[in-house]
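Quick notes on the structure that follows.
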Amino acid sequence: MPSSVKSKIYEMLENMHDEHLLNQVMEDVAFYASKKDVADELSPDQLLELDAAIHEADNKDTISWDIFKKELDEWRKK
């Protein structure tokens with residue numbers, strides 16, 4: 001990697017003061033630095049399920065967080 005790119009990255013990090021944002025950057029960099037994609041470990045059926053979930057989310061075919069929590073609580077009681 002050219003040193004100019006590293007210098008720009010270092011400069012951006014030095015000027016970041018939001019701890020939440022810095023933690024997010026660290027997580028993202030660690031993920032890509034590991035060069036391991038979680039999807040590589042999924043079975044073909046799991047990949048199809050993931051694609052369907054992404055499609056639903058893209059089409060806004062989702063439920064609210066509150067409804068999810070309520071349904072999860074009901075499921076746990078069964």
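Please treat every number below as a calculation from the coordinates, not as lab data. The shown structure was predicted, so the numbers you read here are calculated from the model rather than taken from an experiment. Glycine also receives a Cβ, built like all others from the backbone with ideal geometry; neighbour counts cover every protein chain displayed.
Across segment 15-20, rounded Karplus estimates of 3J(HN,Hα) from the backbone phi angles (6.51 cos²θ - 1.76 cosθ + 1.60, θ = phi - 60°) give 8, 8, 10, 7, 4, 4 Hz, Gly and Pro being marked x.
Only Lys, Arg, Asp and Glu carry charge here, each on its Cβ (+1 for the first two, -1 for the last two); on that basis segment 37-78 has a dipole of about 480 debye about its Cα centre. Packing-based ranking of 45-56, 29-40 yields 45-56, 29-40, ordered from highest to lowest mean Cβ neighbour count within 10 Å.
Extension gain for V25 to S7 (0.36 nm times residue separation, less C-alpha to C-alpha distance): 4.9 nm.
Net charge near A39: determine it from the other residues with C-beta under 12 Å of the C-beta of A39, scoring Lys and Arg +1 and Asp and Glu -1. Taking every Cβ under 12 Å from that of A39, the sum is -4.
Here the Karplus curve 6.51 cos²θ - 1.76 cosθ + 1.60, taken at θ = phi - 60°, turns the phi angles of segment 65-75 into couplings of 4, 5, 5, 4, 4, 4, 5, 5, 4, 5, 5 Hz, with x standing for Gly and Pro.
Looking at I54, V38, F68, which one has the Cα that reaches farthest to the positive end of the dipole of segment 37-78 (charges on Cβ: Lys, Arg +1; Asp, Glu -1)? Ranked along the dipole, the leading option is F68. From the Cα gyration tensor of the chain, with a ≥ b ≥ c the square roots of its eigenvalues, which class applies: rounded if a/c is under 1.5, or else prolate if a/b is larger than b/c, or else oblate? Cα axes put the chain in the prolate bin. Considering helices alone, the calculated mean residue ellipticity of the chain at 222 nm is -22500 deg cm²/dmol, with DSSP H runs of length four and up weighted by -39500 (n - 2.57) and normalised per residue. Taking the chain as the region of interest, the number of lysine pairs whose Cα atoms are within less than 27 Å, with members eight or more places apart or on different chains, is 9.
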